[in-house]
Amino acid sequence: MVQRNRPVQILLVEDSPGDSWLIADILMSGPIPKKILTMSEGSRALRYLRAQGEYAGSLRPELVLLDLNLPGTTGLDVLREIKKDPDLRTLTVIVLTTSDANADVNAAYDLNANCYVVKPMDLTTFTEAIRGIEEFWLRVALLPGAGTRHFPGSSAEGAPSTGNGPVARLCENAPLRFQMAARNGTHSRTGALTRRRLRLSRRPSFGLR
């Protein structure tokens with residue numbers, strides 16, 4: 001297992017407040033120290049990763065969790081920009097999305113996503129999937145080192161941002177239970193599912209769309 005002497009820096013790019021809150025909450029409950037910064041817009045995430053504007057001096061994260069269905073600059077756009085940028089392309093990017101469409105899965109891997117995870121429909125399986133990401137990517141795999149830029153300690157857009165709990169390259173060589181990308185059709189989920197997750201988790205809700 002990977003030994004760490006400082007928190008893992010994670011950037012979560014997710015526009016659903018409910019999913020963002022739940023993902024951060026599950027990760028925060030894990031055993032490996034971590035700092036999580038959440039953002040709901042792809043363009044803002046890119047400014048952060050490039051340390052531009054208000055994010056000058058920000059620290060490069062070790063792990064990026066990226067939703068595809070973002071407003072404006074989509075998740076695939078963000079992934080494309082990351083992987084073509086010499087300063088960012090070694091970032092470990094896990095696509096974490098509702099879409100199991102073959103077109104999305106293939107497009108993400110064509111753009112060199114490190115892994116593609118479909119968000120499960122029920123709370124228990126969803127929790128297991130997030131814990132599986134932590135177990136493999138933060139405890140088993142070795143990720144490229146974090147940068148030297150300053151990382152804001154604990155800010156978020158509507159979700160917990162800091163906590164304790166793991167790092168880098170899954171997919172083809174990982175155990176089957178971590179290979180979450182289904183390739184047989186598509187499904188869509190609505191805010192009702194997010195509300196159901198929050199209700200089942202018995203946590204307070206906040207401004208769901």
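The values are calculated or read from the model by the stated rules, or taken from the named source; none is laboratory data. No experiment lies behind these values; they were computed from the predicted model shown. Cβ sites come from the backbone with ideal geometry, for glycine too, and all protein chains shown count toward neighbours.
Does Asn112 fit the bill of being modelled with pLDDT of 95 or more and in a loop (DSSP other than H, G, I, E, B)?
In short, yes.
Please work out if Ala45 is small (Gly, Ala, Ser), more than 14 Å from Ile133 (Cα to Cα) and surrounded by fewer than 24 Cβ atoms within 10 Å (Cβ to Cβ).
no
Just give me the residues in the range 86-109 being within 13 Å of Pro144 (Cβ to Cβ) and polar (S, T, N, Q), in sequence order.
Of everything in the range 86-109, those that are within 13 Å of Pro144 (Cβ to Cβ) and polar (S, T, N, Q) turn out to be Thr90, Thr92.
It is to be established whether one or more residues within the range 28-36 are under 30 Å from Asp122 (Cβ atoms), under 11 Å from the mean Cα position of the chain (by Cα) and not basic (Lys, Arg).
yes
Quickly run through the range 95-114 and pick out the residues that are of a type outside the set (S, T, N, Q) and crowded, with 21+ Cβ neighbours inside 10 Å.
If the condition is that a residue be of a type outside the set (S, T, N, Q) and crowded, with 21+ Cβ neighbours inside 10 Å, then Val95, Leu96, Asp104, Ala108, Ala113 are the ones that fit.
Specify the residue that is surrounded by the fewest Cβ atoms within 10 Å (Cβ to Cβ); the eligible residues are those in the range 69-89 that are in a loop (DSSP other than H, G, I, E, B) and among the β-branched types (Val, Ile, Thr).
Here the residue is Thr74.
Could you list, in sequence order, all residues of the range 42-68 that are more than 16 Å from the chain's Cα centre (by Cα), within 21 Å of Thr90 (Cβ to Cβ) and outside any loop (DSSP other than H, G, I, E, B)?
Arg47, Tyr55, Ser58
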